[in-house]
Every structure is written in structure tokens, then in C-alpha cells.
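The values are calculated or read from the model by the stated rules, or taken from the named source; none is laboratory data. Just so you know, these numbers come straight off a predicted model, no measurement behind them. As a convention, Cβ positions derive from the backbone with ideal geometry for all residues, glycine included, and neighbour counts pool all protein chains shown. Heavy atoms of the whole protein, side chains included, go into the accessibility calculation; ligands, DNA and RNA do not. Shrake-Rupley method; radii C 1.70, N 1.55, O 1.52, S 1.80 Å.
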Amino acid sequence: VDGQFIASDLCFILTPKDEKKFPINMEFYHFVFNSLRPVLVAATKSGTSKESINQKNFKKYEIPYFDIEQQDLWIRKLKETQLRNRLIESEISFQEKHITRLRQVILQEAIEGKISKSWRERSFNVEPAHSIFERNGTISTKVGKEPFKVPPSWTWCKLMDIAEGFQYGSSKKSHDVGKIPVLGMGNIQNDKIVWD
């Protein structure tokens, strides 16, 4: 520990016994103890209402002693690995934010008709939406200000123009509506559809 610190009865201070015979890299053994923590605590704890590491058990706990060159080498490699790990985690977090933004952009471009533009240009014989409304004797309800421009073959409408029965409750089972799967909230987990 560099600088000032306070020791209490809640911690043990480990001091090298013989630096000449058994030199110790404390950073390395700090890593060893942290790695072994669950096993070490289970093997050395005592008490019933308030469990704590028992000093006698802790003194008897066996750990491997490594040559000081190995300790120094491994802690250096461990630190390098931890640094790489932090960099990778940071990059993953950065990329996840971009993926979220990309999803939003793709969805926005889909509802604006940008993604299907080349398909519509090749499929000129597809009936425009306003014709479907006219053919079915429905006039598209005038919507308020259009949030964005849509392709000429599309039309703005209100949800009530194309769907009915807006109510809370459970949906029909998929066998009642043919081969169309009906999904509930439980089917959507971690941004994926869970079919079972």
C-alpha cells in the first residue's frame, strides 16, 4: 500500500516473513487471494450469526509459493491482460451504442420507404395504398402533420383505418388464426424472439 492507511480488526495485514528466503510480490499475491476468495473464505471462516475469516484457520491455509521471477512475470502479464480486457469492454460498450443507433436508423429508413425503394422501382405493378383504401370503400382518415415524406405509392392513415378492436386482454392462440404465430411479451427476451 502506498501512502497512509488505517488497519482495523476487520482486516489482516500480511507481512513477508523472510524477504531473502521467500521474496514476495505483494501485487501478485493480492491477485492470488482475490482469485481464490470464495474458496479461501469457505475454508477459513468461522462464526454463526456473523461469519468472518478465522485468523488461526487463515494462518494454516495453504497457498502455492512461486519463484519471485515468476511472480513478477505473471503479475506483469496479468496487468497487461486486465488492461486489454478493459479496452475490449470499453470497445464493446461503444459498439453496442452504435448498434442501438443503427437499429433506430434502419427502422426509420424502413418506415420512410428508403430501404424498399429499389424493390418498388422494380415492382411497379404493385397497387398503391390509396387505391386499396378506395377499392375497399374506405377513405383514409386525414392525419395531422406528416412526420416525414413517404413514397408516392404509400399513404398516411390512422391505425383505426386498418385495425379494430383496440382493447386490453390476451390475444388469440396461433392455431385460431391459422399459421400466423402470435407472440406475447414472454416470447421477446434480450432483443430476440424465443419461439418455445
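Karplus couplings for the range 64-71 from phi (6.51 cos²θ - 1.76 cosθ + 1.60, θ = phi - 60°), rounded to Hz, Gly and Pro as x?
x, 9, 10, 3, 4, 5, 5, 4
State, to one decimal in nm², a quarter of the convex hull surface area for the C-alpha atoms of the range 1-51, i.e. the direction-averaged projected area.
If you wrap the Cα atoms of the range 1-51 in a convex hull and average its projections, you get 5.0 nm².
At a probe size of 1.4 Å, how large is the accessible area of residue 126, to the nearest 10 Å²?
70
Which whole-Hz couplings ³J(HN,Hα) result when phi for each residue of the range 48-61 is put into the Karplus expression 6.51 cos²θ - 1.76 cosθ + 1.60, θ = phi - 60°, listed in order with x for Gly and Pro?
Residue by residue, the range 48-61 yields 10, 6, 10, 6, 8, 5, 7, 4, 5, 4, 5, 4, 7, 5 Hz.
Take the solvent-accessible surface of the protein heavy atoms, probe 1.4 Å, and return the percent of it on the chain that carbon and sulfur atoms account for.
Working: 9890 of 17330 Å².
Heavy-atom surface of the chain belonging to carbon and sulfur, 1.4 Å probe: 57 percent.
Find the relative contact order for the chain and round it to a whole percent, using C-alpha pairs within less than 8 Å whose residues are 6+ positions apart. Provide the component values of the computation, followed by the final result.
Working: 88 pairs, mean separation 19.8, N = 196.
Here the relative contact order equals 10 percent.
Show me the trypsin sites (Lys or Arg not before Pro) within the range 42-83 that DSSP assigns to loop and that have at most 13 other Cβ atoms within 10 Å of their Cβ. Kindly include the intermediate steps, with their values, before the conclusion.
On the way: sites: 45, 50, 56, 59, 60, 76, 77, 79; in loops: 50.
For trypsin sites (Lys or Arg not before Pro) across the range 42-83 that sit outside H, G, I, E and B with at most 13 neighbouring Cβ atoms in 10 Å, the list reads 50.
Search the structure for amide H atoms under 5 Å from the amide H of residue 45, placed 1.01 Å from N in the peptide plane, and list their residues when 5 or more places away or on another chain.
Those qualifying (amide H under 5 Å, at least 5 residues apart or on another chain) are 54.
Counting only heavy atoms of protein chains, what accessible area per residue, in Å², does the range 16-70 have with a probe of 1.4 Å? Working shown, then result.
Details: 4420 Å² over 55 residues.
For the range 16-70, the solvent-accessible area averages 80 Å² per residue.
Taking the dipole about the Cα centre of the chain, with the C-beta of Lys and Arg at +1 and of Asp and Glu at -1, give me whichever of 52, 68, 186 is farthest to the positive side.
Farthest along the dipole direction, towards plus: 186.
Determine ³J(HN,Hα), in whole Hz, for all residues of the range 190-196 in sequence, where each value follows from phi through the Karplus function 6.51 cos²θ - 1.76 cosθ + 1.60 and θ = phi - 60°; x replaces Gly and Pro.
6, 6, 10, 8, 9, 6, 8
At 20 °C and 1.002 mPa s, what whole-number value in µm²/s does Stokes-Einstein give for the translational diffusion of the chain, with Rh from the Kirkwood sum over Cα pairs?
It comes out at roughly 84 µm²/s.
What is the packing order of peptides 28-38, 10-20, taking the mean over residues of other C-beta atoms within 10 Å and listing the highest first?
Highest-to-lowest ranking by the protection proxy: 28-38, 10-20.
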